[in-house]
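*Asks:* The following block contains the structure, expressed as structure tokens.
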Amino acid sequence: MRRLILLLFALFALTGPAWAQVRSVEVRAPRPFGYFVGDLVRVQVDIKVDPGFSVQAASLPQPGSVTYWLELRSITVDETRQADTARIRLNLVYQSFYAALDARALEIPGFALTVASNGQSGITTAKAQVPAWSINVSPLREVQPPPREDPLEYMRPDGRAPLLDPEPQLKWAALFAGLALLALILLARDRAWGPFGKRRGRAFAAVQRSLRGLGRRPDQDIAYREALIALHRGLDETDGRRVLADDLPAFLARHPAYRVEENGLACFFHASRLTFFGRETAAARSQWSLAEVEATAGKLAAAERMAGG
């Protein structure tokens with residue numbers, strides 16, 4: 001009796017993998033016909049197995065040549081778990097290179113997959129056989145068209161394109177061009193470009209333009225003094241009088257839009273005093289550089305625009 005029990009146990013152990021249930025294999029394609037050379041053939045394979053089983057990646061078909069006329073382009077796997085079953089969905093994309101001379105059916109080879117479950121007693125495996133299926137391919141053109149007396153009858157006339165009236169598009173183009181020109185004029189006025197550069201109330205915009213290129217001068221001391229003089233002229237033109245260091249509080253009281261640059265203007269007057277009265281241009285440049293002069297002029301020009309000048 002004991003020997004019989006051991007024999008049955010060994011039999012169950014040997015046949016355990018065969019008990020793994022592959023419940024169904026279903027192959028679906030969008031259509032079985034109407035394929036030409038170069039077309040992609042998309043196929044969906046649904047495999048239902050017992051819960052706990054999943055496909056082994058090593059058993060999946062690899063992209064590449066399948067037959068002389070068929071190539072597997074890609075394959076993706078989607079596994080869904082449910083209470084009493086598991087579904088393995090394969091999405092395969094083939095490409096046909098069969099140049100058909102007539103309409104005929106071609107068979108896409110099937111393949112086998114391995115599904116496995118890792119249980120308490122070890123790994124249980126089973127085979128899922130995906131069957132072959134067929135597609136119908138067609139030629140791109142007739143092999144032998146019917147005879148014609150006039151060879152020109154084989155040629156089809158060109159399709160007639162409708163005549164389009166360009167006038168509405170031209171009107172819209174002219175309208176948008178006018179709006180763009182108006183926007184450019186308004187921007188030039190705001191930025192004091194071109195003919196608007198010398199209009200009254202844009203002194204600091206002119207100063208900002210005059211400072212461009214001073215940093216590339218070979219003699220930086222001369223360039224620095226010219227920058228300070230230009231900023232002096234901008235202050236004088238804005239206030240309508242000479243503005244000295246002691247006049248700064250009164251200037252800011254008369255022009256509150258520039259109060260945000262009070263510190264910069266104080267540094268400017270200090271650098272001006274060192275340069276023109278102390279003859280210490282190098283010291284002034286080390287304390288307040290030409291780049292800071294340009295930055296202050298730019299901020300004053302921006303405040304000038306905000307003030308509506």
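The values are calculated or read from the model by the stated rules, or taken from the named source; none is laboratory data. Since the model is a prediction, treat every value here as computed from it, not as a measurement. Note that we place each Cβ from the backbone using ideal geometry, even for glycine, and neighbour counts take in every protein chain shown.
*Asks:* State yes or no: is residue 142 under 30 Å from residue 49 (Cα atoms) and of a type in the set (D, E, K, R)?
*Replies:* Working: under 30 Å from residue 49 (Cα atoms): no; of a type in the set (D, E, K, R): yes.
Considered against the rule, which asks whether it is under 30 Å from residue 49 (Cα atoms) and of a type in the set (D, E, K, R), residue 142 comes out as no.
*Asks:* For the range 237-259, indicate whether the set of residues that are more than 30 Å from residue 278 (Cβ to Cβ) and at pLDDT 85 or above is non-empty.
*Replies:* Residues of the range 237-259 that are more than 30 Å from residue 278 (Cβ to Cβ), as a first pass: 256-257.
Going one step further and asking which of them are at pLDDT 85 or above, we end up with 256-257.
Yes: the range 237-259 contains one or more residues that are more than 30 Å from residue 278 (Cβ to Cβ) and at pLDDT 85 or above.
*Asks:* While we're here: Only one of 112, 105, 128, 116 is touching a Phe, Trp or Tyr at 6+ places or on another chain (Cβ under 8 Å) and either assigned to a strand (DSSP E or B) or in contact (Cβ under 8 Å) with a residue 24 or more places away in the chain (or both); which? Don't jump to the end; show me each part of the working.
*Replies:* Working: 112 fails: touching a Phe, Trp or Tyr at 6+ places or on another chain (Cβ under 8 Å); 105 fails: touching a Phe, Trp or Tyr at 6+ places or on another chain (Cβ under 8 Å); 128 fails: touching a Phe, Trp or Tyr at 6+ places or on another chain (Cβ under 8 Å).
Only one candidate qualifies: 116.
*Asks:* Take the range 67-86 and flag every residue that is in contact with a Phe, Trp or Tyr (Cβ under 8 Å, 6 or more places away or on another chain) and of a type in the set (A, V, I, L, M, F, W, C).
*Replies:* Result: 69, 70, 72, 86.
*Asks:* Could you list, ordered by first residue, the pairs with Cβ atoms under 8 Å in which the first is in the range 212-225 and modelled with pLDDT of 85 or more and the second is assigned to a helix (DSSP H, G or I) and aromatic (Phe, Trp, Tyr), at least 6 apart or interchain?
*Replies:* Sorted first by the residue in the range 212-225, then by its partner, the pairs are 225/276.
*Asks:* Among the numbered conditions (1) under 23 Å from residue 202 (Cβ atoms); (2) in contact with a Ser or Thr (Cβ under 9 Å, 6 or more places away or on another chain), tell me where residue 235 comes up short.
*Replies:* (2)
*Asks:* With the requirement that a residue be over 36 Å from the mean Cα position of the chain (by Cα), assigned to a strand (DSSP E or B) and not hydroxyl-bearing (Ser, Thr, Tyr), what does the range 30-54 give you?
*Replies:* Those that are over 36 Å from the mean Cα position of the chain (by Cα), assigned to a strand (DSSP E or B) and not hydroxyl-bearing (Ser, Thr, Tyr): 47, 48, 49.
A quick yes/no check of all residues on (1) surrounded by 12 or more Cβ atoms within 10 Å (Cβ to Cβ); (2) within 43 Å of the chain's Cα centre (by Cα); (3) free of Cβ contacts under 8 Å to residues at least 60 places away in the same chain:
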site	(1), (2), (3)
135	yes, yes, no
141	no, yes, yes
153	no, no, yes
168	no, yes, yes
172	no, yes, yes
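*Asks:* Would it be correct to say that residue 95 is outside the structural domain of residue 34 (by TED's automatic domain parsing) and either in contact with a strand residue (DSSP E or B) (Cβ under 8 Å, 6 or more places away or on another chain) or within 26 Å of residue 38 (Cα to Cα) (or both)?
*Replies:* Details: outside the structural domain of residue 34 (by TED's automatic domain parsing): no; either in contact with a strand residue (DSSP E or B) (Cβ under 8 Å, 6 or more places away or on another chain) or within 26 Å of residue 38 (Cα to Cα) (or both): yes.
No: the conditions fail for residue 95.
*Asks:* Within the set of pairs 6+ apart or on separate chains, which have a first residue in the range 280-297 that is at pLDDT 85 or above, a second that is among the β-branched types (Val, Ile, Thr), and C-beta atoms under 8 Å apart?
*Replies:* 281/275; 284/275; 297/207
*Asks:* Separate question: Taking the stated definitions as given, is residue 100 assigned to a loop (DSSP other than H, G, I, E, B), within 42 Å of the chain's Cα centre (by Cα), surrounded by 10 or more Cβ atoms within 10 Å (Cβ to Cβ) and of a type in the set (Gly, Ala, Ser)?
*Replies:* Yes, satisfied.
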